[in-house]
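The values are calculated or read from the model by the stated rules, or taken from the named source; none is laboratory data. Note that this is a predicted model, so its numbers are computed, not measured. For neighbour counting, all protein chains shown are included, and Cβ atoms are generated from backbone atoms with ideal geometry for every residue, glycine included.
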Amino acid sequence: MSRPRRARAAKATTAPIGRTANPANGATGRAVSQPAGAVAGVRVEAVDAMRGLAIVAMVVYHFVFDLRFYSVVRADFENDPFWLTYRAIVLSTFLLVVGVSLVLARHYGVSTGRFARRVGVIALCALAATIGSYLVFPERFIYFGILHSIAVASLLARPLAGRPRLALGLGVLAIVAGLVLSHPFFDSRAASWLGFNTVKPPTEDFVPLFPWLGVVLVGIWLGHEFLRRDFAPIAPLARTPDWLHWMGRHSLAIYMVHQPVLLGLLWLAFRH
């Protein structure tokens, strides 16, 4: 790192919230905004791009899902290894970025109040997703989807944001436990949000705490690795198109509006 850049990066770590940071290797910082799952005090363009890629992949997934809803395609999202793997990659990317964002929030001094407000917004959006899905899919409405999982996991993982090795160890344990342990007790809706189910509950989106909390915890370790290496492992993402960064910065809004828009457009296209 050059001396001027080092000085700017050092200054950014102690700057008030809303200033810009300048991490090395092209992963530049920007002013504060509030994407889904992000509570960092600065914008890191490479991290925004990671989130933007996940948003694009999610929109593609839901577009095909909606085509199936209108009986245009016959994609088997429940059993096809391709779609199961695709969904797992998208979810993992989102939740890893949540963990990275918790580390950035701690590193750049985001206050507890700002963090609480952000989690509150995500929780309200999760409630809106539950209500909206109930109106469309009353038998399979979303009661613990990605937004619910992000809100709860953010609260549980935040105390470990400064302890990357412990977070990594607990994260791996949580992932393994969520994948290999199961009991009929957790098949009821009241307990299924924890994970450990023997069967997947009837819901359109299901992201239980186990194993997915573990991915957030691994993201905390990853965030420390990014900081330690001045974001070099993901620096090329900072040079991706601006529209991808924009999607990463506004991922919560995109998540909330994209399905009504897609369903509405497809209804117009296939109503005849």
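Just a few scattered comments:
- Yes/no for Thr203 being in a loop (DSSP other than H, G, I, E, B) and touching a strand residue (DSSP E or B) at 6+ places or on another chain (Cβ under 8 Å): yes
- Residue in the stretch 24-47 that is part of a helix (DSSP H, G or I), surrounded by 23 or more Cβ atoms within 10 Å (Cβ to Cβ), among the aliphatic types (A, V, I, L, M) and modelled with pLDDT of 90 or more present: yes
- Screening the stretch 176-200 for residues that are part of a helix (DSSP H, G or I) and within 22 Å of Val136 (Cα to Cα) and picking the one that is nearest to the chain's Cα centre (by Cα) gives Ser192.
- Selection of the stretch 74-107 for residues being surrounded by 13 or more Cβ atoms within 10 Å (Cβ to Cβ) and either outside any helix (DSSP H, G or I) or of a type in the set (S, T, N, Q) (or both) yields Ala75, Phe77, Ser92, Thr93, Ser101.
- Sub-6 Å Cβ pairs linking a first residue in the stretch 162-184 that is free of Cβ contacts under 8 Å to residues at least 24 places away in the same chain to a second residue that is surrounded by fewer than 19 Cβ atoms within 10 Å (Cβ to Cβ), at least 6 apart or interchain, are Ser182/Thr198; Pro184/Thr198, ordered by first then second residue.
- Residue tally, condition out of contact with any helix residue (DSSP H, G or I) (no Cβ under 7 Å at 6 or more places or on another chain) and in a helix (DSSP H, G or I), over the stretch 233-254: 6
- The stretch 182-241, subset more than 22 Å from Ile150 (Cβ to Cβ) and of a type in the set (Asp, Glu), residue surrounded by the fewest Cβ atoms within 10 Å (Cβ to Cβ): Asp187
- Checking Arg74 against (1) at pLDDT below 95; (2) under 25 Å from Leu155 (Cβ atoms), the condition it does not meet: (2)
- Condition met for Gly99 (at pLDDT 95 or above and in contact with a His (Cβ under 7 Å, 6 or more places away or on another chain)): no
- Residue check, Phe141 surrounded by 15 or more Cβ atoms within 10 Å (Cβ to Cβ) and not in a helix (DSSP H, G or I): yes
- Any chance Ser133 is assigned to a helix (DSSP H, G or I), among the polar types (S, T, N, Q) and under 15 Å from the mean Cα position of the chain (by Cα): no
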